[in-house]
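Okay, structure first, notes after.
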Amino acid sequence: MNATVDVAIIGAGPSGAVAAALLRRAGRSVLVLERQHFPRFSIGESLLPQSMAYLEEAGMLRAVVEAGFQYKNGAHFVYRDQASAYDFRDKHSEGWGTTYQVERAVFDDLLIRCAAEQGAEVRFGHSVLAMNPGDAPTLEVADEAGTRYRVNARFVLDASGFGRVLPRLLNLEAPTRMPTRAAIFTHVRDGIPAGVHDRNKITVAVHPDHRDVWFWMIPLANGRSSVGCVAEAAFLDVPEAAREDKLRSLIRSEPTLNRLIGDAPFLMPVRHIGGYAANVERLHGAGYALLGNAGEFLDPVFSSGVTIALRSAHLAVETLERQLEGESVDWNAQYDVPLRKGIDTFRAFVEGWYTGKLQDIIFSREQTPVIRRMISALLAGYAWDETNPYVVEPVRRLNALRQACVQREC
């Protein structure tokens, strides 16, 4: 069972699948090691349009388009009696303006099957126990029967998501600047009649009494929606048996969600995830790089997780290909710094959301069309487009815009 490959990938989620496909298209041998079996449930159903370019690059776009997922073209924000909708097709940045809202079990399984069809070997039910980093890294792996074996690779990509395999094994964890938040969520049979609600947009609703508490409602195919609430951990701290009543009560407290799905039947037990914000000191080391959530995860409010994951796969493979071809590569300058630039842009928007500054901007009636298109581009995932002033200087620009919006409406 021992293996020798060009690249070993830990994790078969979106970043691992796209990285595997890109490497196979470059002619590299690839082994993907996944602890679970697919399909398996995962949260994070709302994609951003920026993701579509990476799926196309990896040869997966046709399969995604033909899968029958719910079409998505924007986001709808609500707070009490205020509402603001962004159409991602009307944006500053070039590129895709539409995408999909997906059931992740189906979506993730589809992507890794696309990678396998392109020649990547995928081993489900195999866990990485240890790594020896270096110019010729090795992994110690065990299958579900407990049989251990070794994988020799020229490089390792950790795409393990919240499993964060290499950060744990190599002690790479670093403090995150994000507060400890949690989410409770489920799927509902929404039963929303046609024409009553725009299913092509995710709904982000602010709690009427707590501006740092928010809800998502993501329409999926076949009359199903994902719904959840995000808040500081203590706000959602109830026993497991009380989660359903807690989420139902919260949904009914928000007028728009109460009208749309207040009594909609839950289709699965209410789940809880907490302490998801994470960071590492560096995104690379001797013989390895970290992709997506294995490196850093911010917050689900702008659905940036899959976009960051796919961007990291694109940048990592681009850098790794140069290294495998014998070039001298600076992983910090060519991977870490460029990837973190977009992550930091998303971070500025996330922090602005929770302080209320970004909410003031989103719900302002005074935005010019030009600035609105710049904000729309960020919400669509184009956090690396430096023709956008809100990418180049996100904190300063958001502070100035919020001040201008408030002054105009005083």
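Candidates ARG271, ARG252: the one that is among the basic types (Lys, Arg), surrounded by fewer than 22 Cβ atoms within 10 Å (Cβ to Cβ) and within 18 Å of ARG104 (Cβ to Cβ) is ARG271.
Could you grab me the full set of residues in the range 210-234 that are over 17 Å from VAL301 (Cα atoms) and either assigned to a helix (DSSP H, G or I) or free of Cβ contacts under 8 Å to residues at least 40 places away in the same chain (or both)? Let's see the steps before the verdict.
If we filter the range 210-234 for residues that are over 17 Å from VAL301 (Cα atoms), which is where we start, we get 220-224, 234.
Scanning the range 210-234 gives ALA221, ASN222, GLY223, ALA234.
Can GLY342 be described as outside any helix (DSSP H, G or I) and crowded, with 22+ Cβ neighbours inside 10 Å? It is false that GLY342 is outside any helix (DSSP H, G or I) and crowded, with 22+ Cβ neighbours inside 10 Å. LEU111 falls short on exactly one of the conditions (1) touching a residue at least 40 places away in the same chain (Cβ under 8 Å); (2) more than 30 Å from ASN2 (Cα to Cα), and that condition is (2).
State whether one or more residues within the range 257-266 are touching a residue at least 24 places away in the same chain (Cβ under 8 Å), small (Gly, Ala, Ser) and crowded, with 16+ Cβ neighbours inside 10 Å. Even if it seems obvious, please write down each step before you answer.
The first filter runs over the range 257-266 and keeps only residues touching a residue at least 24 places away in the same chain (Cβ under 8 Å), leaving 257, 260-261, 264-266.
In the following step, the residues that additionally are small (Gly, Ala, Ser) were identified as 264.
Next, only the ones that are crowded, with 16+ Cβ neighbours inside 10 Å stay: 264.
Yes, the range 257-266 contains at least one residue that is touching a residue at least 24 places away in the same chain (Cβ under 8 Å), small (Gly, Ala, Ser) and crowded, with 16+ Cβ neighbours inside 10 Å.
Listed here are the residues, each with its yes/no results for (1) over 21 Å from the mean Cα position of the chain (by Cα); (2) more than 30 Å from ASP209 (Cα to Cα).
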position: ASP6; (1), (2): yes, yes
position: PRO14; (1), (2): no, yes
position: PHE41; (1), (2): no, yes
position: LEU61; (1), (2): no, yes
position: PHE77; (1), (2): no, no
position: ASP81; (1), (2): yes, no
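Within the range 105-126, the set of residues being surrounded by 19 or more Cβ atoms within 10 Å (Cβ to Cβ) and touching a strand residue (DSSP E or B) at 6+ places or on another chain (Cβ under 9 Å) comprises PHE107, ILE112, ALA115, ALA120, VAL122, HIS126.
So is ALA313 over 17 Å from the mean Cα position of the chain (by Cα) and touching a residue at least 40 places away in the same chain (Cβ under 8 Å) or not?
Judged against the criteria, ALA313 is not a match.
If I filter the range 61-75 for residues that are under 30 Å from ARG365 (Cα atoms), among the basic types (Lys, Arg) and part of a loop (DSSP other than H, G, I, E, B), do I get at least one hit? Write out each step before concluding.
First, the residues of the range 61-75 that are under 30 Å from ARG365 (Cα atoms): 70-75.
Then keep just the ones that are among the basic types (Lys, Arg); that gives 72.
Narrowing further to those that are part of a loop (DSSP other than H, G, I, E, B): none.
Within the range 61-75, none of the residues are under 30 Å from ARG365 (Cα atoms), among the basic types (Lys, Arg) and part of a loop (DSSP other than H, G, I, E, B).
Among the residues of the range 217-238, those that are within 17 Å of HIS197 (Cβ to Cβ) and aliphatic (A, V, I, L, M) comprise MET217, ILE218, LEU220, ALA221, VAL227. Taking the range 358-400, which residues are touching a residue at least 40 places away in the same chain (Cβ under 8 Å), more than 22 Å from the chain's Cα centre (by Cα) and over 25 Å from GLY95 (Cα atoms)? Result: ASP360, PHE363, SER364, ARG365, GLU366, ASN399.
For GLY146, state whether it is part of a loop (DSSP other than H, G, I, E, B) and more than 22 Å from LEU23 (Cα to Cα). Here the answer is yes, as GLY146 does meet what is asked.
Is there a residue being over 20 Å from ILE308 (Cβ atoms), surrounded by 14 or more Cβ atoms within 10 Å (Cβ to Cβ) and touching a His at 6+ places or on another chain (Cβ under 9 Å) anywhere in the range 165-182? Within the range 165-182, one or more residues are over 20 Å from ILE308 (Cβ atoms), surrounded by 14 or more Cβ atoms within 10 Å (Cβ to Cβ) and touching a His at 6+ places or on another chain (Cβ under 9 Å). Quick check: is even one residue across the range 90-99 touching a strand residue (DSSP E or B) at 6+ places or on another chain (Cβ under 7 Å), surrounded by 17 or more Cβ atoms within 10 Å (Cβ to Cβ) and in a strand (DSSP E or B)? Taking every residue of the range 90-99 in turn, at least one turns out to be touching a strand residue (DSSP E or B) at 6+ places or on another chain (Cβ under 7 Å), surrounded by 17 or more Cβ atoms within 10 Å (Cβ to Cβ) and in a strand (DSSP E or B).
In the range 35-89, of all residues being surrounded by fewer than 16 Cβ atoms within 10 Å (Cβ to Cβ) and basic (Lys, Arg), the one that is nearest to VAL370 (Cα to Cα) corresponds to ARG89.
Among the residues of the range 364-386, count how many are assigned to a loop (DSSP other than H, G, I, E, B) and in contact with a helix residue (DSSP H, G or I) (Cβ under 9 Å, 6 or more places away or on another chain). Give the steps one after another, and end with the answer.
Within the range 364-386, the subset assigned to a loop (DSSP other than H, G, I, E, B) is 364-368, 380-386.
With in contact with a helix residue (DSSP H, G or I) (Cβ under 9 Å, 6 or more places away or on another chain) added as a condition, the list becomes 364-367, 380-386.
Within the range 364-386, residues that are assigned to a loop (DSSP other than H, G, I, E, B) and in contact with a helix residue (DSSP H, G or I) (Cβ under 9 Å, 6 or more places away or on another chain) number 11.
We did not get these values from a lab; they are worked out from the coordinates using the rules stated. Worth saying up front: this structure is predicted, and the values here are computed from it rather than measured. Cβ: placed from backbone, ideal geometry, glycine included. Neighbour counts: every protein chain shown.
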